[in-house]
Amino acid sequence: MKAVSVSEEAPIILVVDDDQFIRDLLRRVMEKDGYQVVEATNGEQGLAAYKSINPHLVMLDALMPVMDGFTCCQHLQALTTSSPLEGKMLNGKSLHNNARTPVLMITGLDDPESVDRAFQVGATDYITKPIHLAVLRQRVRRLIEQFQLYKKLEEANLELHRLATLDGLTGVANRRRFDEYINDEWQRMIREKLPISLILCDIDYFKKYNDSYGHQGGDACLRRVADALRFCVKRSIDLVARYGGEEFAVVLPNTSAVGASKVAEEIRALVNQLQIPHAQSLVSEHVTLSLGFACMYPTPSTSPTTLIGAADEALYQAKALGRNMSFP
Ligand code: GH3
Ligand code: MG
Ligand code: MG
Ligand code: MG
């Protein structure tokens, strides 16, 4: 038999079978087709190998000592259903897709119960022994091609999600994400009978900042302020968003007015500490923020618009009362 060298990028097939003759046969055939092959002799070994090599396909025997193929398949399914897109939404639609490593059961069991059971525990495909090699090779080619396509789709979906929800300049959530999030959390707070707070932050005399340091200087300043906001906002359920040009919003679910006031003051103090020079500011030599916050207990007859209006009014007061402050 001619030895075939396989490249580093060649898809990896994990062969899990207790029969050495079968493992040798599968290795020979698959390596000839350009795949890399890793072997395991039972389900437990197979799981361990799966975790360390992350293969493109698993060939799984059913009857094996220590852990059989059905049990192994069940564990594999649990491992592979968590996708980076799991739980992510875009326009109210779940983005999860099927980029799961395919599992091909290759077994001597050909009774209908075994076939059903294999698919129930998550097998992608099923082939009986004795193995028809021409059929096997086509199945493998198709399963790996599909998997690679799914993976590409998943990456594209992730990128789409990133582009659709993040602000390109600062990396915080964009306005679209803000609208979606505050509405979702509003509904959740109604169900859980909890308060929600909103902080609106506006850079003081930012027009003058642009006049002094140019638009690019202004952009850099926006990035630093966004970083400060991100630093102050620690819970994963809180959302920092770019609300408008030089205005940022912080959504704080399950947070009282006292809690919101603390976060607002922390943000204001940190931006002061950054001491970003602002020669033309009328309140300080450095960049400062004015912040308005509001807290509400959402009800079915109210909407986030009321909360946004209240925070906006508070921001207006912070400006009117002299800037570089949070209000109330
Ligand atoms: P105030 O203290 O009352 O908030 O004064 P201000 O000058 O900050 O007020 P205003 O909101 O009218 O000005 C905001 C300025 O922010 C106007 C606009 O040129 C600038 N701006 C908005 N978006 C961007 C951006 O993406 N980059 C830069 N560099 N500037 C921006
Ligand atoms: Mg066996
Ligand atoms: Mg403004
Ligand atoms: Mg401003």
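The values are calculated or read from the model by the stated rules, or taken from the named source; none is laboratory data. Everything quoted here is computed from the prediction, not taken from an experiment. Cβ sites come from the backbone with ideal geometry, for glycine too, and all protein chains shown count toward neighbours.
Summed over the range 294-328, the residues that are within 34 Å of the chain's Cα centre (by Cα), more than 16 Å from ligand 3 (Cβ to nearest atom) and within 19 Å of Lys262 (Cα to Cα) give a count of 6. Scanning the range 170-211 for residues that are among the acidic types (Asp, Glu), within 16 Å of ligand 3 (Cβ to nearest atom) and not in a loop (DSSP other than H, G, I, E, B) yields Asp202, Asp211. Only one of the listed residues (Val240, Val283, Val233) is touching a Lys or Arg at 6+ places or on another chain (Cβ under 6 Å) and at pLDDT below 95. That residue is Val283.
Go through the range 147-160 and give me each residue that's surrounded by 14 or more Cβ atoms within 10 Å (Cβ to Cβ) and at pLDDT 90 or above. Correct list: Phe147 only. If you take the residues of the range 97-121 that are within 30 Å of Leu160 (Cα to Cα) and surrounded by 18 or more Cβ atoms within 10 Å (Cβ to Cβ), which of them is nearest to ligand 2 (Cβ to nearest atom)? Among residues in the range 97-121 that are within 30 Å of Leu160 (Cα to Cα) and surrounded by 18 or more Cβ atoms within 10 Å (Cβ to Cβ), the one nearest to ligand 2 (Cβ to nearest atom) is Val103. Taking residues in the range 213-235 that are without any contact (Cβ under 8 Å) to a residue 40 or more places away in the chain and of a type outside the set (Gly, Ala, Ser), and partners anywhere that are crowded, with 19+ Cβ neighbours inside 10 Å and not in a helix (DSSP H, G or I), the pairs with Cβ atoms closer than 6 Å and at least 6 places apart or on different chains are Val233/Val240; Val233/Val250. Condition check for His96 on (1) within 30 Å of Arg176 (Cβ to Cβ); (2) modelled with pLDDT of 95 or more: one failure, at (2). For Asp179, the test of being more than 30 Å from Asp111 (Cβ to Cβ), more than 16 Å from ligand 4 (Cβ to nearest atom) and of a type outside the set (Phe, Trp, Tyr) is passed.
Each residue in the range 232-284 was checked for being assigned to a loop (DSSP other than H, G, I, E, B), among the hydroxyl-bearing types (Ser, Thr, Tyr), crowded, with 17+ Cβ neighbours inside 10 Å and more than 16 Å from ligand 3 (Cβ to nearest atom), and 1 pass. For beta carbons closer than 7 Å, sequence separation of 6+ or different chains, a first residue in the range 199-211 that is near ligand 4 (Cβ under 10 Å from one of its atoms) and a second that is basic (Lys, Arg), the qualifying pairs are Asp204/Arg323.
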